[in-house]
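> Please read through the structure below; I'll follow up with questions.
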Amino acid sequence: MQVTLHQDKCVASGQCVLAAQDVFDQRGEDGVAVLLDDRPPAELHDDVRHAAAVCPALAIALADS
């Protein structure tokens, strides 16, 4: 799985961090999401799919790799 985070779309809701804290974090100054791992291990794929689904800004794109 390849994960892409479009920070310019992010509205800093933090839903991605709640869903997949090993893959996403938030910047302290403005809360915009930060991608920690653009190729997470298979055991995190369900969490990452959930994070993409609950992102209110649709800022997370997933692709099979």
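> Starting from the range 8-36, keep only residues that are under 11 Å from Cys55 (Cβ atoms), then list their pairs with residues that are among the small types (Gly, Ala, Ser) and open to solvent by 50 Å² or more (accessible area, probe 1.4 Å) whose Cβ atoms are within a distance under 9 Å, requiring at least 6 positions of separation or different chains.
Pairs that qualify, where the first residue is under 11 Å from Cys55 (Cβ atoms) and the partner is among the small types (Gly, Ala, Ser) and open to solvent by 50 Å² or more (accessible area, probe 1.4 Å), are Ala19/Ala53; Ala33/Ser13.
> Which condition number in (1) assigned to a loop (DSSP other than H, G, I, E, B); (2) open to solvent by 70 Å² or more (accessible area, probe 1.4 Å); (3) not hydrophobic (A, V, I, L, M, F, W, C) is the one that Pro40 fails?
(2)
> Could you list, in sequence order, the residues of the range 27-63 that are charged (D, E, K, R) and in contact with an Asp or Glu (Cβ under 8 Å, 6 or more places away or on another chain)?
Matches in the range 27-63: Asp37, Asp47.
> Consider the range 43-60. How many of its residues are closer than 16 Å to Lys9 by Cβ and either free of Cβ contacts under 8 Å to residues at least 24 places away in the same chain or open to solvent by less than 40 Å² (accessible area, probe 1.4 Å) (or both)?
Within the range 43-60, residues that are closer than 16 Å to Lys9 by Cβ and either free of Cβ contacts under 8 Å to residues at least 24 places away in the same chain or open to solvent by less than 40 Å² (accessible area, probe 1.4 Å) (or both) number 7.
> So which residues in the range 18-34 are in contact with a strand residue (DSSP E or B) (Cβ under 9 Å, 6 or more places away or on another chain), crowded, with 18+ Cβ neighbours inside 10 Å and not in a loop (DSSP other than H, G, I, E, B)?
Phe24, Ala33
The values are calculated or read from the model by the stated rules, or taken from the named source; none is laboratory data. Because the structure is a prediction, the values reported are computed rather than measured. Positions of Cβ are generated from backbone atoms using ideal geometry, with glycine treated the same way; all protein chains shown enter the neighbour counts. Just the protein is used for accessible areas: all its heavy atoms, side chains included, with ligands, DNA and RNA removed. Shrake-Rupley method; radii C 1.70, N 1.55, O 1.52, S 1.80 Å.
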